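What follows is one structure encoded as structure tokens, with my remarks underneath.
Quick note: the coordinates plus some simple rules give every number you see, no bench work behind them. In this text, all values refer to a predicted model and were calculated from it rather than measured experimentally. Note that each Cβ is placed from the backbone with ideal geometry, even for glycine, and that neighbours are counted across all protein chains shown.
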Amino acid sequence: MDLLLSQPRVDRRRIGFVGHDYGSMFGAIVSGVDKRLKTYVFVAGMGSFSDWSLKYWTGPSKNGAEVYKQAVKDVDPIGYVPYATPAALFFQFANKDKYISKDVANAFSAAASKPKQVKWYDATHDMNIEEARKDRLEWLARQLR
């Protein structure tokens, strides 16, 4: 952010963030600590690194899963999005997402500060559909003028 803001043609009043998947999750962390961004778009993200990673990386050990959950809980995105205000947040989720359940997605967006908008799409996790792209661009244009 510091590098971006040091550029001569950057309008510091009109900076937004768009992140997909892990990008969404890391953006959610930033939203809670850096007040220089006006808006965020979180695409196919979730509030917990352990919810995302455990099924892929830690193997079958329940003890290992608990150790991992404890190790990452302080940096879980769901702990930061409640503090995003005054930034406006736009959450985009896919009805056919095989990685992120509706309950997990709803918990992530419900934890977020206002103002916010949540929209669901008839899409898979990649969210590679025109409607979602169009909505992102319209959101950014409206928020950043």
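Measuring r between the beta carbons of A107 and L144 and using R0 = 35 Å, the FRET efficiency lands at 0.80.
Computed over the chain with a Gaussian network model linking Cα atoms closer than 10 Å, the most mobile of D21, D122, D76 is D122. Overall dimensions of the range 9-121, expressed as equivalent-ellipsoid semi-axes from the Cα gyration tensor (√(5λ), whole Å, largest first), are 26, 16, 11. Cross-link pairs exceeding 26 Å in C-alpha to C-alpha distance, out of K69/K134; K35/K114; K35/K69; K38/K98, comprise K69/K134; K35/K69; K38/K98.
Within the listed set G47, G64, G19, the residue fluctuating most in the Gaussian network model of the chain (springs between alpha-carbon atoms under 10 angstrom) is G64.
Between F91 and F42, Q117, V118, K119, the built amide H atoms are under 5 Å apart, and every one of these is 5 or more places off in sequence or on another chain. Just checking the listed ones, K116, K38, K73: in the Gaussian network model of the chain with Cα springs under 10 Å, the one fluctuating most is K73. In percent, rounded to a whole number, the relative contact order of the chain is 25, using alpha-carbon pairs under 8 Å and six or more apart.
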